[in-house]
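Worksheet: the structure to be examined is printed underneath.
The values are calculated or read from the model by the stated rules, or taken from the named source; none is laboratory data. Everything quoted here is computed from the prediction, not taken from an experiment. Positions of Cβ are generated from backbone atoms using ideal geometry, with glycine treated the same way; all protein chains shown enter the neighbour counts. SASA here: full protein model, heavy atoms, side chains in, ligands and nucleic acids out. Shrake-Rupley method; radii C 1.70, N 1.55, O 1.52, S 1.80 Å.
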Amino acid sequence: MSHSSPASYLVWTLMTFVLFTFLLFHLWSFDRFKCLKWNSGAHSGAFKRVMTYSYLVTIPLIFTYALGNTVIKYHEGFIAHPLYGIIPRPSQMWEPMARNTIFPLMLFFSVGWSLEMVTHLEELCFWLFLVNSGSAQQNWFESLYFKTWIGGSTIAVIYMPLVTILTRADPLKSEAFTFLAGSLGSLSLTLWFTPILWTFPSFLNNLRAEGVDTGTIVRLTKFSELNTIRVVMRFFFTVPFLILGIDGVRPHKHVNESMLWTDFLIMVAGFGCAISSGITLVIFFPRSVEGEIAARDAAKERKRTRSFGPTASMVDMESTHRQMSAFKNAPSSAGGTYLLTSSPVKQAFSLHSYDGDDIAGRPYHPDMHPDKGAWDDEERDVPAALPPIKPNRKRGGRDVEHGGVEGLTENNLSVHNLRLSNVNPVIHNFTSPIDLAYVSATAGNESRLTFNRR
């Protein structure tokens with residue numbers, strides 16, 4: 001991008017800065033940055049760590065590349081060329097210190113792009129696994145798609161920096177081949193993703209026919225909509241770089257010698273990169289505003305009751321119980337959810353202090369017991385207690401009162417369908433493409449894949 005103006009790099013800098021700000025806000029709202037810890041839970045294995053940190057490192061690397069070039073471009077300014085008029089100063093005429101930063105900045109960009117390909121390759125392989133898996137194929141970590149992701153990720157993190165290193169002698173050549181190599185890799189992944197978007201509606205129809213619960217259908221539908229937008233933004237990111245890369249490796253450069261077209265393509269690519277990466281963040285770490293509001297309300301109620309001490313009104317306590325029960329029993333497909341599924345703060349609430357001290361004189365309630373894990377999502381896989389079955393009763397003559405089971409919940413229905421369905425259990429418990437944990441089954445030699453946040 002030697003012929004691009006300083007304003008184009010400034011747009012990239014602003015877009016990546018906004019993306020990084022959104023990342024901090026989203027992860028703070030998600031679970032107060034707990035997902036960034038090395039041991040973020042009982043099932044924070046190597047796969048989740050690789051996916052989390054590879055995505056998080058990408059944004060600072062691209063931001064450093066954009067900011068560094070912005071500073072250099074504005075410092076070097078423009079020159080009056082006898083043939084092309086006023087153009088940005090070519091890199092060959094930069095100060096020695098500025099020229100020495102070309103290769104490190106391009107290497108940052110190359111490494112960041114390779115890590116982004118790791119992220120998008122995982123999404124591609126996982127969605128292919130999800131759409132094509134059946135009840136007999138339950139383990140993502142033993143599937144061909146997982147092995148494909150490992151092989152493709154290894155190639156991506158090697159060949160992208162290698163292209164930049166091998167062509168570093170000529171900065172313009174290094175830039176052109178880096179753009180060409182990265183755009184070809186990312187564009188191929190994006191093209192492979194388009195068949196998934198076409199087959200996903202029929203996939204959802206099959207899930208409905210199999211009796212998958214409404215909450216799962218809603219989550220997968222929202223993921224499908226986000227993936228559609230993300231794929232479109234990926235085309236906006238890769239195609240401009242492909243044009244610049246192809247034009248850059250040719251003997252006669254037509255696009256790169258025009259500041260108008262280079263600026264236009266670079267800015268379009270910046271918007272595509274930032275928006276698609278933001279959607280990836282939302283897919284990897286889905287939030288629930290409904291749960292977060294309920295958690296804040298419970299925290300305010302806890303502080304209020306602590307200020308009143310043991311003499312808190314029983315009426316207020318009963319009101320709190322009713323609010324928590326209403327939230328807990330609300331269907332998962334309610335309109336209050338934000339972007340896919342529940343966040344960690346939604347699960348369970350306690351009116352006890354965080355330090356574990358109980359307040360005397362308060363009535364016991366199972367939802368308020370401190371032993372109930374606030375981050376335990378596996379409760380949705382355990383059938384809730386049902387009332388006794390009503391038998392058929394003869395009411396005189398030939399009249400018979402038919403019995404049945406009252407109070408069948410969506411949770412029990414979901415677990416029942418999970419046991420009898422031909423659908424992979426991973427679909428029933430789906431929350432995020434990176435939040436996987438392999439747990440043993442409770443019966444027989446079955447295996448279960450669950451998505452838990454601990």
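(1) farther than 27 Å from P161 by Cβ; (2) open to solvent by 30 Å² or more (accessible area, probe 1.4 Å); (3) under 19 Å from the mean Cα position of the chain (by Cα); (4) touching a residue at least 24 places away in the same chain (Cβ under 8 Å): which one isn't true of D31, the others all being true?
(2)
Scan the range 72-85 and report the pairs whose first residue is closer than 28 Å to P104 by Cα and whose second residue is assigned to a loop (DSSP other than H, G, I, E, B) and hydrophobic (A, V, I, L, M, F, W, C), with Cβ atoms within less than 8 Å and a gap of 6+ or a chain change.
Short answer, once both residue conditions are applied: I72/W94; E76/W94.
Tell me, please, whether a residue that is at pLDDT below 80, open to solvent by 10 Å² or more (accessible area, probe 1.4 Å) and polar (S, T, N, Q) can be found in the range 288-297.
There is no residue in the range 288-297 that is at pLDDT below 80, open to solvent by 10 Å² or more (accessible area, probe 1.4 Å) and polar (S, T, N, Q).
Looking at L162, is it in contact (Cβ under 8 Å) with a residue 24 or more places away in the chain and part of a helix (DSSP H, G or I)?
When the stated conditions are applied, L162 does not pass them.
Where the second residue is of a type in the set (D, E, K, R) and open to solvent by less than 40 Å² (accessible area, probe 1.4 Å) and the first is outside any helix (DSSP H, G or I) and lies in the range 233-260, which pairs have Cβ atoms under 6 Å and are six or more apart or on separate chains?
Between residues of the range 233-260 that are outside any helix (DSSP H, G or I) and residues that are of a type in the set (D, E, K, R) and open to solvent by less than 40 Å² (accessible area, probe 1.4 Å), the close pairs are K253/D247; V255/D247; N256/D247.
What is the number of the single condition among (1) touching a residue at least 40 places away in the same chain (Cβ under 8 Å); (2) open to solvent by 30 Å² or more (accessible area, probe 1.4 Å); (3) more than 15 Å from F103 (Cβ to Cβ) that T154 does not meet?
Here T154 clears every test but (1).
Being modelled with pLDDT of 90 or more and open to solvent by less than 20 Å² (accessible area, probe 1.4 Å) is the requirement here; does M51 meet it?
The answer is yes for M51.
For the range 60-98: of the residues being within 21 Å of D263 (Cα to Cα) and among the charged types (D, E, K, R), which is most open to solvent (accessible area, probe 1.4 Å)?
Taking the candidates together, the pick is R89.
Could you grab the pairs with beta carbons closer than 6 Å, sequence gap of 6+ or different chains, first residue in the range 89-101 and without any contact (Cβ under 8 Å) to a residue 40 or more places away in the chain and within 19 Å of F78 (Cβ to Cβ), second one aliphatic (A, V, I, L, M) and open to solvent by less than 100 Å² (accessible area, probe 1.4 Å)?
R89/I79; A98/I72
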